[in-house]
Amino acid sequence: ASTTNFLLFIITFIFFLFLVCYFVRLKFLCKCEICECYMTSSWYPQFTNLCDWYTYLLQKSPTRTIHIHVVGNTITANPKNVEYMLKTRFDNFPKGKNFSTILGDFLGRGIFNVDGDLWRFQRKMASLELRRNSITSFAFEVMNTEIQNRLIPLLANNKDEILDLQDVFRRFSFDSICRFFFGLDPKCLELSLPISQFAISFDLASQLSAKRAMHVSSIVWKIKRFFNIGSERKLKKAIKLINILAQEVIRQRRKLGFSNHKDLLSRFMQGDIVNETYLRDIVISFLLAGRDTVASASTSLFWILAENPRVADRIREEANEVLGQNQQLTSCEQLRDLHYLQACVYESMRLYPPIQFDSKFCLEDDFLPDGTFVKKGTRVTYHPYAMGRMEELWGVDCLEFKPHRWINKDGVFSQENPYKYPVFQAGVRVCLGKEMALVELKSMTLSFLRRFHVELAHPSHHIPRFSLGLTASFHGGLPVFVREIKS
């Protein structure tokens, strides 16, 4: 009993010590207008989302860079700064230990949560596999099968009922990624729409991990984690289930054998490093990259298409011109000639990027190209969402959805400077799965629109409200009516 009481005393003492440190720090926090607004959330009545408030501040800043001192964050929408961080001084702006700690329980030591040699090794491994021609063909085969055998029948069977497209796209991406990366089929997109506990836990872990980064001090969430209370208790429970199911994915893959399979996990399992923790982190990292980002991009695109039916009509017209009337897409090579479709996808992600911002941590004192001094240990964030709304980058019509801004005078899709459009990151850390994600997104969009019209169940021309998470998601989903096109 005395030992128990002593332990309780020690725990209580540590708890109050943490609280004292936290509130002492609060007393000396910055009192500037931006920080006061951040601390009190007084931006909320005027702006739908935090990212819209950041955009407003960045638009007013002469350098397109602002500081949230209370959380030690420098935020920029300046392409020169982005290039400096992601290319010129890449080694001075790693993810950093702070970021790795925040996401460590969820992402472990996966490629999106590490720096240095471990990051280089994982990226090299992934790059070697993802750049194989056989992998691209296999990916198209998997996605096309999922579209034709599950997505289209599900939509055709809807019978004019309200359907949450965000939920459908998450299920579609989850099935596709699991089949492509792991060679396993969770069947989330069956007509019965079965609930996947893995997917539910994954969403919750993403939201609660992102919530950690919102605290003024990491002490807050670390105390809650230490005592296993509140959001940290929920996070721990979600991650426990994710780990169990990730281990089951690995076990099933081993049981089925992997030497003759095309899926990415099988290829990784044939490597030199095959311990369970390493494989678990690969499973989680690729799910985050392949499921959440594509589902987010799909949701935003179809919200825009529902608001702009003429754009959807033009996509159908282009498909008929390029592929032929009522002719199905048979290979990913055919997508290259659908320039307007590509422009719509890029324009949608310009306004609504799946990853609205990305943070690095400065290793040594530095100056950004706009003259901003960055102190060692400072968090530096570049903001693709805000960058898509800068007049000097996209013109006075930057808030309008205009796919033709991506089409050159010859009618061909034309890329932009990746540091002006860092939706897929840029430089050394540019997204390895970019082309695969575009193939999935364009294939699904084309097949969907050639069979169905989509209408918003609750028409609104307001800016969508986003939920907290590592990727952008619509609060309340995307409720729509899906109606088959009569031939």
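The values are calculated or read from the model by the stated rules, or taken from the named source; none is laboratory data. Bear in mind that the values here come from a model prediction, so they are computed numbers and not experimental data. We place every Cβ from the backbone using ideal geometry, glycine too, and count neighbours over all the protein chains shown. For accessibility, only protein heavy atoms count, side chains too; no ligands or nucleic acids. Shrake-Rupley method; radii C 1.70, N 1.55, O 1.52, S 1.80 Å.
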For this session: Indicate the gyration tensor shape class of the range 98-182 (rounded, prolate or oblate), computed on the Cα atoms with a ≥ b ≥ c the square roots of the eigenvalues: a/c under 1.5 is rounded; otherwise a/b larger than b/c is prolate and the rest oblate.
Result: oblate
For this session: Could you please report the charge total around D370, scoring K, R as +1 and D, E as -1 over all other residues with beta-carbon less than 11 angstrom from its beta-carbon?
Result: +2
Seminar exercise, completed: Distance in nm between E307 and L456 label points, each 7 Å along Cα→Cβ, equals 0.6
Exercise. How much of W303 can a 1.4 Å solvent probe reach, expressed as accessible area in Å² and rounded to 10?
Worked result: 40
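Based on the Kirkwood radius over alpha-carbon pairs, what value in µm²/s does the Stokes-Einstein equation return for the translational diffusion coefficient of the range 344-411 at 10 °C and 1.306 mPa s?
Values: Rh = 14.1 Å.
It diffuses with D of about 113 µm²/s by this estimate.
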Exercise. So what is the relative contact order for the chain, in percent, with contacts set as C-alpha pairs under 8 Å and at least six apart?
Worked result: 24
For this session: For K486, list the lysines whose Cα falls under 25 Å from its own Cα; do not include residues on the same chain fewer than 8 positions away.
Result: K159, K442
Exercise. Between E435 and C30, what is the label-to-label distance in nm when each label sits 7 Å out along the Cα-to-Cβ direction?
Worked result: 4.3
Exercise. In whole percent, what relative contact order does the range 53-108 give with Cα contacts below 8 Å and a gap of six or more residues?
Worked result: 17
Exercise. Which percent of Cα-Cα pairs in the chain sits in each 20 Å bin, short to long?
Worked result: 22, 56, 21, 1, 0
Exercise. Under a 1.4 Å probe, what is the accessible area of the chain per residue, stated in Å²?
Worked result: 47
Exercise. Using a 1.4 Å probe, how large is the accessible area of L363, given in Å² and rounded to the nearest 10?
Worked result: 90
Problem set entry | Largest to smallest accessible area among S460, S285 [probe 1.4 Å] | S460, S285
Seminar exercise, completed: Simple spin-label estimate for H404/L468, 7 Å along Cα→Cβ, in nm, reads 4.3
Exercise. Ignoring ligands, DNA and RNA, what percent of the 1.4 Å accessible area of the chain is carbon and sulfur?
Worked result: 55
Problem set entry | Karplus-derived HN-Hα couplings along the range 116-123 (A = 6.51, B = -1.76, C = 1.60, θ = phi - 60°), whole Hz, x at Gly and Pro | x, 5, 5, 5, 4, 5, 5, 5
Problem set entry | Per-residue ³J(HN,Hα) for the range 301-318, Karplus 6.51 cos²θ - 1.76 cosθ + 1.60, θ = phi - 60°, Hz, x for Gly and Pro | 4, 6, 5, 5, 5, 5, 7, 10, x, 5, 5, 4, 4, 5, 4, 5, 4, 4
Problem set entry | Eligible aspartates and glutamates near K255 by straight Cα distance, threshold 18 Å, same-chain separation 8 or greater | D185, D263, E276
For this session: Could you calculate the contour length gain from S42 to I200, that is, 0.36 nm times the residue separation minus the distance between their Cα atoms, to one decimal place in nm?
Result: 53.7 nm
Problem set entry | the range 330-487 - Rg (one decimal) and Dmax (whole number), Cα, Å | 18.4, 64
Problem set entry | Subset of K95/K211; K95/K434; K211/K402 violating a 27 Å alpha-carbon distance limit | K211/K402
Problem set entry | Under-5 Å amide H pairs with V380, H placed in peptide plane, nonlocal only | T74, K360, F361, C362
Exercise. What number comes out for the charge environment of I250, summing +1 per Lys or Arg and -1 per Asp or Glu over other residues with Cβ under 9 Å away?
Worked result: +2
